[in-house]
Structure formats: C-alpha cells, structure tokens
Amino acid sequence: NAYIVKPDEGAGGDGIYITADPSQPRHGTCVVQEYCTKPLLLGGLKCDFRVYVTVVRAFPAPAVFVHREGLARVAVLPYEPPTRGNLSTAAIHLTNCSISKHHSAFVPNTDAHADQSSTRRRLTTAAAQLEAEHGPTTFSVDRFFAA
C-alpha cells in the first residue's frame, strides 16, 4: 500500500509526499489518505478535477449548483504503480501544479481554448478526452455532471 501525506498547515504543495509507512509522518498534524493505485488515466497520466460548487442553502433541504467548468490537473510523467523505488518521484504520482511546474515536462496553459495537452486544462477538455479515450461506459461527461 501507499499513502499520500499532506501537512495540515501546508499550501501550494509544500510538504506533500508519498510513503509506504504513514505511521511516522515527517510533520506534526497532517492528513493521510490511501493512494489509489489503479486510477483512471488521461493519456497514461494521473489527473484530478477541481469542481466548483455553490451552496445556496444547507437547511432545510440542501440546494447546490455545480459549475460545468472547472480545472483538471495532469501529472507530468507517465503513471507507474507506486513502488519503493518511485515513491519519491512526485511528477508521476502528484498532480499539484505548484510541484509539477518545476519539472521540465510541465506544459503551461497559454491558451484556455487550446489546452488539450497542457498540464492544467479546463475540466470540460479533460472530461471529453477521458470519454474519448475510455468510452462512455467507463467515463461519461453527462453522467459526471448529472450526479
């Protein structure tokens, strides 16, 4: 197993690391999450979505709006399952732009409407790419936003 450790007081990727043993964190208070070792890949790369939600009302019945645009962050090196030999290679396992922007494989987004290969791209671009790559039974843009 592998774990992502995030310091409680960190920001911008500071202090995030992957470990096989989360029992002795490098920081005081932190958040530890189990690492997903079989992620849905985008062109062989790990990715994550930042989805923006507005909560209009919490009680008596929740009312929320999900924005159909957001941010997709893509790792800069092809995915490999975590091993003791590659746990320290953040560019494989983490999508945090504050970390990946220092890597030579980082592709900046210079045009929001031509972002198909950038490391940071529109959520709608990445979602359409995932659906095209994996098929709508594995990933569907419509199902993603219907939930």
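Values in this text are rule-based calculations from the coordinates and carry no lab data. Note that the structure is a prediction, hence the values are computed from the model and not measured. Here Cβ is always computed from backbone atoms with ideal geometry, including for glycine, and neighbour counts include all displayed protein chains.
Does the range 96-111 contain at least one residue that is over 25 Å from A11 (Cα atoms) and surrounded by 10 or more Cβ atoms within 10 Å (Cβ to Cβ)? Don't jump to the end; show me each part of the working.
Of all residues in the range 96-111, those over 25 Å from A11 (Cα atoms) come to 111.
Those left that are additionally surrounded by 10 or more Cβ atoms within 10 Å (Cβ to Cβ): none.
Within the range 96-111, not a single residue is over 25 Å from A11 (Cα atoms) and surrounded by 10 or more Cβ atoms within 10 Å (Cβ to Cβ).
Against the definition (touching an Asp or Glu at 6+ places or on another chain (Cβ under 9 Å) and under 30 Å from D21 (Cα atoms)), how does S98 come out, yes or no? Even if it seems obvious, please write down each step before you answer.
Working: touching an Asp or Glu at 6+ places or on another chain (Cβ under 9 Å): yes; under 30 Å from D21 (Cα atoms): yes.
It is true that S98 is touching an Asp or Glu at 6+ places or on another chain (Cβ under 9 Å) and under 30 Å from D21 (Cα atoms).
Any residue at all in the range 17-38 that is in contact with a helix residue (DSSP H, G or I) (Cβ under 7 Å, 6 or more places away or on another chain) and in a loop (DSSP other than H, G, I, E, B)?
Step one: of the range 17-38, the residues in contact with a helix residue (DSSP H, G or I) (Cβ under 7 Å, 6 or more places away or on another chain) are 18.
After this cut, where a residue has to be in a loop (DSSP other than H, G, I, E, B) as well, the list is none.
No, that holds for no residue.
Taking the condition of being surrounded by 19 or more Cβ atoms within 10 Å (Cβ to Cβ) and over 17 Å from E80 (Cβ atoms), how many residues in the range 7-22 meet it?
The total comes to 1.
Every residue in the range 23-37 that is loosely packed, with under 13 Cβ neighbours inside 10 Å and in contact (Cβ under 8 Å) with a residue 40 or more places away in the chain, please.
T37
List the number of the failed condition for P60; all other conditions in (1) part of a strand (DSSP E or B); (2) more than 18 Å from the chain's Cα centre (by Cα) hold.
Every listed condition holds for P60 apart from (1).
Across the range 3-16, what is the number of residues that are in a loop (DSSP other than H, G, I, E, B) and within 15 Å of T95 (Cβ to Cβ)?
Narrowing the range 3-16 to residues in a loop (DSSP other than H, G, I, E, B): 8-16.
Restricting the remaining residues to those that are within 15 Å of T95 (Cβ to Cβ) gives 12-13, 16.
Selection size over the range 3-16: 3.
Looking at the range 45-95, which of the residues that are out of contact with any helix residue (DSSP H, G or I) (no Cβ under 8 Å at 6 or more places or on another chain) and in contact (Cβ under 8 Å) with a residue 24 or more places away in the chain is farthest from R122 (Cα to Cα)? Break it down stepwise before answering.
Narrowing the range 45-95 to residues out of contact with any helix residue (DSSP H, G or I) (no Cβ under 8 Å at 6 or more places or on another chain): 45, 48, 52-65, 67, 81, 83-85, 88-89, 92-93, 95.
Subset that is in contact (Cβ under 8 Å) with a residue 24 or more places away in the chain: 45, 48, 81, 84, 88, 92-93, 95.
Values: L45: 16, D48: 11, P81: 26, R84: 33, S88: 28, I92: 21, H93: 20, T95: 14 Å.
Result: R84.
Give me the pairs, please: first residue somewhere in the range 128-147 and within 19 Å of D115 (Cβ to Cβ), second residue anywhere and of a type in the set (D, E) and part of a helix (DSSP H, G or I), beta-carbon distance under 7 Å, and either six or more positions apart or on two chains.
If the second residue must be of a type in the set (D, E) and part of a helix (DSSP H, G or I), the pairs left are F139/E131; V141/E131.
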